[in-house]
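**Q** This is the structure I have questions about; it appears just below.
The values are calculated or read from the model by the stated rules, or taken from the named source; none is laboratory data. A quick note: this is a predicted structure, and the numbers were derived from the prediction, not measured. Note: ideal-geometry Cβ built from the backbone for every residue, glycine included; neighbour counts use all protein chains shown. Note: areas computed on protein heavy atoms with side chains; ligands, DNA, RNA excluded. Shrake-Rupley method; radii C 1.70, N 1.55, O 1.52, S 1.80 Å.
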Amino acid sequence: MTTYNEVKKRLYSPRRAREDPAPYNKPAGDGQERRRSTNGPRTVSDTRPESSHRFTQMLRVRRSGHGTAPSSSAATAGQPTGRRSHRRMSPTLEMAGAAVGFMSLYLAAGALTPLLVLYKQQWSFPATMLTLAFAVYALGFLVAVLTLGSLSDHIGRRPVIIGALMVQLVSNFLFLTGSDVSWVVAGRVIQGIASGAATAAFTAALVEFAPPHKKRLGTILGSIGLTGGLAAGSLLAGVAIQFTPSANTIAFVSLIVLSVLGIIVTALSRETATRTPGTLRSMIPRVAMPPAARREFAGAAPVVAAVWMLAGLSGGLAPSLVRSVFHLDSGFLNGLTGFIAPAVSVVIGLSFARIDPRHAMTTGIYASIAGAVGISGGVLGGSLVLMIIGQALAGVGFGASFTAALRLIIPRAAAHQRAGVVAGIYVVAYLAFGVPIIIEGQLAGPLGDITAVVGYSALTVVFALLSLAAQFRISHQYKRNDPELPENGQEWPVAGVKVGDSS
């Protein structure tokens, strides 16, 4: 009989492992069990030295040239075996840090909604520059999301997120130290680039950082981070304007601190994406709509444009209307008018996630029409309350119809076509968000604010009606032969949106 200590010594011997490794490769537990003698040392059978699975693993690592056995944490994290993985932060803390960094991007974008009105009062620039300063954000965002949106899939989440937050810091310093509107315009372009580059990486990282039992929470944080951040940023900045003499300083010093915290937490977090080739190729914009998705895209594109135009009106124009049309000088009301539509859209987007997308689409279309009528009625009738109700209805339209558009269009495309499909949707969305509000600002001078707003809202109603007719036509065709779609509610890692398939 061989004593347990002798077996252990053999197992630790590299020379014996090289001379006769075969016995140690067999799985344990074939009947040769360890037993303890009551009158002597522990022994094992002479037939084959049996030990714990840990010793067998150590032998395999020694034969492969590594120095230590693979740890379970390394295997779980996808790191190479033979190297111990020491997780630096808990998954919950990583997810919370990513959420703070993500929200800081859109808190900053939302804060500019009432602050632009403050800048206009301080620097006396024309209304056309106010709408331009608001809208150039969309240009920066669109360029970045088309060229850098997939970058984190190739070089990792952390480099993209850290780089975007550092770019965001630059824009925050421009807003903090700016002395005229040109600084604001430059800061808005840089802000849009940072947000566009980081949104997809943050959305994916929030799900990947989340512990297994909190994956849904990670998805929800990704879903509400954009519009929720815009809403909260607008309201908080409005409160600061109303009750403090240094709203700009308070807002951007706070945002700089949040951005720095986001950078630190991201630097200490683990990398969740595996680097893959094709980095430069991923930066070439791909906008393509496959034939299978074109009918749904054509039916949804007009209302997508309509709800994003209304979002641009609520964020870029409504705060200034509080003073120019309703003759109220209130930073809080400026922030409230920028808050209401994105806040409602967050609630509706989450509530409608499990509703049939066709029904959600038609509901959103009706709501957007009602919202446009309410905004026009409020401006024409001099009722701020009616305008805010119209903004809330527009938020319902945004939350229902835009989410439904993604769920209706994306499942029609194959996995390798989806990047081009999403790019096409966001081109429509952000062009509608930025370009019409610039044109409205140009027309407000000769026509007046009220006439320009009514004409702007009427155009969104026309777009919504075009989509409504298209939805009825598509539904009628599908009554005869409705192709089976994937189940709704599965997660798809683009901007935190629920769609019909996962990739």
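**Q** Counting alpha carbon pairs within less than 8 Å and at least 6 residues apart, what relative contact order, in whole percent, applies to the range 154-195?
**A** 45
**Q** Continuing with this model, one more query. Please compute P(r) over all alpha-carbon pairs of the range 140-241, binned at 5 Å starting from zero, and give each bin as a whole-number percent.
**A** 2, 13, 17, 22, 21, 13, 8, 4, 1, 0
**Q** I'd like the accessible area for THR249: 1.4 Å probe, protein heavy atoms, all chains in place, Å² to the nearest 10.
**A** Counting only protein heavy atoms, the figure is 70 Å².
**Q** If packing is taken as the mean number of other Cβ atoms within 10 Å per residue, what is the order of 304-316, 329-341, 160-172, highest first?
**A** Peptide ranking by packing, descending: 304-316, 329-341, 160-172.
**Q** Averaging the inverse of every distinct alpha carbon separation and then flipping it gives the Kirkwood radius. What is it for the range 165-314, in angstrom units? Write out the running numbers ahead of the final one.
**A** Values: mean 1/r = 0.0539 Å⁻¹.
When all Cα pairs of the range 165-314 are included, the Kirkwood radius is 18.6 Å.
**Q** So what does VAL454 come to for accessible area, using a 1.4 Å probe and Å² rounded to 10?
**A** Accessible area, nearest 10 Å²: 40 Å².
**Q** Sticking with this one: Suppose we look only past 20 Å in the calculated P(r) of the range 345-406. What percent of the Cα-Cα pairs does that tail hold? Walk me through the intermediate numbers first.
**A** Details: 505 of 1891 pairs.
Here the tail beyond 20 Å accounts for 27 percent of pairs.
**Q** Here's something else I'd like to know. Between GLN242 and VAL257, what is 0.36 nm times their sequence separation minus the Cα-Cα distance? Round to one decimal in nm. Please list the in-between numbers first.
**A** On the way: separation 15, 0.36 × 15 = 5.40 nm, distance 2.23 nm.
Taking 0.36 nm per residue and subtracting the Cα distance, the gain is 3.2 nm.
**Q** Another question, then. Find the accessible area per residue for the range 416-480; the probe is 1.4 Å, ligands and nucleic acids are left out, and the unit is Å².
**A** Roughly 47 Å² per residue, with all protein chains present.
**Q** Here's something else I'd like to know. What ranking do 274-283, 224-233 get when scored by the average of other Cβ atoms within 10 Å per residue, highest first?
**A** 224-233, 274-283
**Q** Here's a follow-up. Got the relative contact order for the range 320-394 handy, in percent, Cα pairs under 8 Å and 6 or more residues apart?
**A** Value for the range 320-394: 32 percent.
**Q** Right, another one. Based on Cβ point charges of +1 for Lys and Arg and -1 for Asp and Glu, what charge dipole magnitude is obtained for the range 292-360 about its Cα centre, in debye rounded to the nearest 20?
**A** So the dipole magnitude of the range 292-360 works out to roughly 220 debye.
**Q** Compute, for HIS327, the solvent-accessible surface of its heavy atoms (probe 1.4 Å) with the complete set of protein chains present, and express it in square angstrom to the nearest 10.
**A** The accessible area of HIS327 comes to roughly 150 Å².
**Q** Any chance you could run the full-extension gain for LEU350 through LEU176? It's 0.36 nm times the residue separation minus the Cα-Cα distance, nm to one decimal.
**A** Going from the current span to full extension adds 59.2 nm.
**Q** Cα-based Rg of the range 257-413 per 2.2 N^0.38 Å, rounded to two decimals?
**A** 1.31
**Q** So, one more: Tally up the carbon and sulfur contribution to the accessible surface of the range 143-253 as a whole percent, 1.4 Å probe, everything protein left in place.
**A** 75
**Q** Over the range 88-243, what is the relative contact order in whole percent, taking alpha-carbon pairs under 8 Å and six or more residues apart? Before the final figure, lay out each step's value.
**A** Working: 220 pairs, mean separation 64.9, N = 156.
Dividing the mean separation by the residue count of the range 88-243 yields 42 percent.
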